[in-house]
Amino acid sequence: MKQELEAIRQRAISELEAAKGQQELETLRVKYLGKKGEVTAILKKMGSLSAEERPVIGQLANEVRTMIEDEITKRAAELKEAILQERLKNEALDVTLPGRQRPLGASHPLSIVLDEIKEIFVGMGFDIVDGPEVETDYYNFEALNIPKNHPARDTQDTFYINENILLRTQTSPVQVRVMEKQKPPIRIISPGRVYRSDAVDATHSPLFHQIEGLVVAEGITFADLKGTLETFVKRLYGEDSVVRFRPHHFPFTEPSAEVDVQCFNCHGEGCRLCKGEGWIEILGCGMVHPKVLQNCGIDPEKYSGFALGMGLERVVMRRYNIDDLRLFYENDVRFLKQF
Ligand code: DAH
């Protein structure tokens, strides 16, 4: 029995040393110390021993059991530590590595200038409103005093969804929508996309942007229009800019005007930028036509107002000296990075 115990001990130790996981340790524990384990079997056979042998073998058997138990505890701790070390190694983070740089985007020049324009008008007490890009014939034309067969429709051919529904050619329909819903005083601007069936070239695009302005209240005069626009132009182009109003015609305003800014490049002399004219046209405007007010349920005897419409692309091209409209829509980062 002594030899048997000695053999068990050696086998147990070497097997425990080779064990690679908690599960294996448990299996070995059952194998040696369990109810049907090898050490237990020896202890059960003690009864057949002589009185002198029993305490000696008993002691030895207990020693072996304790040794195996201790070894299991030791191995368990070692395995746990090994797993931890492995995890630490795998999850190691090298904080000295250089960071990854993500390329930063930038605002589109149209957005940059539009934001500025909005800020200027908000500073004068205007609200910013939105309108639909898919419009009805009524809002885009009819209510703005442009009946079917009116020559003004020629210059604003667009994309029709059907006879009555179209992509808006101007932001002016928002005027009508606002006046229908809101009682004067009204003071809004409405920027957005507009569409015309124009072929693409350096100055034309089937999609571009306008900013509509509308003020309606009691006692609004052309002087208010001039003052507002002069303030706007000076804020946008600088205090020394010079503004000129030129008589014009729009079906939905009377009187109407186009507004020019003196060329800031040549100060009126005439240069390549202003095509030799000394002035650069930036917007159309006028006093809201009484018929338009009436169409929207506003009494033209009591209220009056002014409106304006500005092409955003033009303003931005002038601002940054961009000579081709197509650059705005090509999404070439080399262009976009310049602003
Ligand atoms: N909607 C006009 C256009 O697209 C621009 C315009 C002119 C708007 C005069 C106005 C205005 O509000 O009063 O050509």
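The values are calculated or read from the model by the stated rules, or taken from the named source; none is laboratory data. Everything numeric in this text was worked out from a predicted model, so none of it was measured. Glycine gets a Cβ as well: all are built from the backbone with ideal geometry, and neighbour counts include every protein chain shown. The protein model used for the area step is the full one, side chains on, heavy atoms only, and it has no ligands, DNA or RNA in it. Shrake-Rupley method; radii C 1.70, N 1.55, O 1.52, S 1.80 Å.
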Item to check | Meets criteria (in the same structural domain as residue 213 (by TED's automatic domain parsing), without any contact (Cβ under 8 Å) to a residue 60 or more places away in the chain, basic (Lys, Arg) and near the ligand (Cβ under 10 Å from one of its atoms)) for residue 177 | outcome: no
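Only one residue in 229, 166, 236 is within 12 Å of the ligand (Cβ to nearest atom) and open to solvent by less than 20 Å² (accessible area, probe 1.4 Å). Which one?
Values: 166 fails: within 12 Å of the ligand (Cβ to nearest atom); 236 fails: within 12 Å of the ligand (Cβ to nearest atom).
Every option except 229 fails the conditions.
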Checklist entry - Of everything in the range 239-255 that's open to solvent by less than 80 Å² (accessible area, probe 1.4 Å) and outside any strand (DSSP E or B), which residue is farthest from residue 116 (Cα to Cα)? => result 251
Checklist outcome for this item: Filtering the range 190-226 for residues that are polar (S, T, N, Q), open to solvent by less than 30 Å² (accessible area, probe 1.4 Å) and under 21 Å from residue 323 (Cα atoms) leaves a count of 2
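Out of 327, 312, 293, 308, report the one residue that is within 16 Å of the ligand (Cβ to nearest atom), closer than 19 Å to residue 107 by Cβ and at pLDDT 90 or above.
Details: 327 fails: within 16 Å of the ligand (Cβ to nearest atom); 293 fails: closer than 19 Å to residue 107 by Cβ; 308 fails: closer than 19 Å to residue 107 by Cβ.
Unique residue meeting the criteria: 312.
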Checklist entry - Going through the range 51-87 one residue at a time, which ones are modelled with pLDDT of 85 or more, among the basic types (Lys, Arg) and farther than 18 Å from residue 18 by Cα? => result 87
Next on the checklist: Just to be sure I understand, how many residues within the range 144-163 are more than 13 Å from the ligand (Cβ to nearest atom) and in a loop (DSSP other than H, G, I, E, B)?
Outcome noted: 8
